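Take a look at the structure set out below.
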Amino acid sequence: MPHIALPEGFPGISAGFTYRPETAKPMRELAHVLLHDANSLTPGERELIAAYVSSQNNCHFCQASHAAAASCHLGNASVVEKVKADFHSAPVSDKLKALLAIAGEVRQDGKLVTAADVEAARKLGATDIEIHDTVLIAAAFSMFNRYVDGLGTWQPHDPDMYAQMGQHLAEQGYTAPSIRQPLQPA
């Protein structure tokens, strides 16, 4: 049950965005730049970072929707699940593992990131913009996760809904809502 009177039938962040569209616009634009626009990290890798941070923050809505988007980009849901469970043993590049380590530190406390962490990522091929964007994705998704959970939003466990959202996010990005009409709680 939401902590405030949010629009009914809108799950997760969609409820907050529908309630307050003037704050939704810049938040959507930030997510679009970080996860969808051109970058040397693939959209799938960036969505993996978002899904990983959200899973570590235990935000069901965000980890499920971004895991679905990552799966669409990568064409492989098992890689996404392995990253969320233990990225160290997941079949992703060593560079991405170093970036996920940084993301995990940022989600706890940005001061946990050390010069050694950054240097390790650089030695594995990470560029300064990739390190920058990893830190910003982890920080932004920690905020998004806390926004969703702090409002007590409805977070359904419907895999089909998340698959549809993931496809929308992967194909169209973040500037337009993936949920435009209220859904019926199952």
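Annotations for the structure displayed:
- Relative packing of 117-130, 55-68, 2-15, which averages over residues the other C-beta atoms within 10 Å, highest first: 55-68, 2-15, 117-130
- Both the radius of gyration and Dmax for region 13-172 are 14.8, 45 Å, in that order, over alpha-carbon atoms.
- The chain: angle of helix 77-86 to the longest principal axis, Cα-based, in degrees nearest 10: 70 degrees
- Modelled spin labels at GLU171 and HIS32, positioned 7 Å past Cα toward Cβ, are 1.8 nm from each other.
- Between the Cα long axis of helix 159-172 and the first principal axis of the chain there is an angle of about 70°, rounded to the nearest 10.
- Largest to smallest principal axis extent of the C-alpha atoms in region 98-186, angstrom: 49, 29, 21
- Cβ-placed point charges (K, R +1; D, E -1), dipole of region 13-172 about Cα centre in debye, nearest 20: 180 debye
- Between VAL92, VAL83, VAL148, the residue with the greatest mean-square fluctuation in the GNM of the chain (Cα pairs under 10 Å linked by springs) is VAL92.
- Helix-only CD estimate at 222 nm, as mean residue ellipticity for the chain, using -39500 (n - 2.57) per DSSP H run (n ≥ 4): -21000 deg cm²/dmol
- Pairwise FRET efficiency - GLU22 versus ASP94, Cβ, R0 = 35 Å, nearest 0.05: 0.25
- For the chain, taking a cut-off of 4.7 Å between Cβ atoms, the unpaired cysteines are CYS72.
- Cα gyration tensor, region 56-118 - rounded (a/c under 1.5), prolate or oblate: oblate
- Rounded tilt (10° steps) of 128-150 against the dominant C-alpha axis of the chain: 30 degrees
Rule-based calculations on the coordinates, nothing more; no lab input. Treat the numbers as computed from the prediction; the structure is a model and nothing was measured. Note that we place each Cβ from the backbone using ideal geometry, even for glycine, and neighbour counts take in every protein chain shown.
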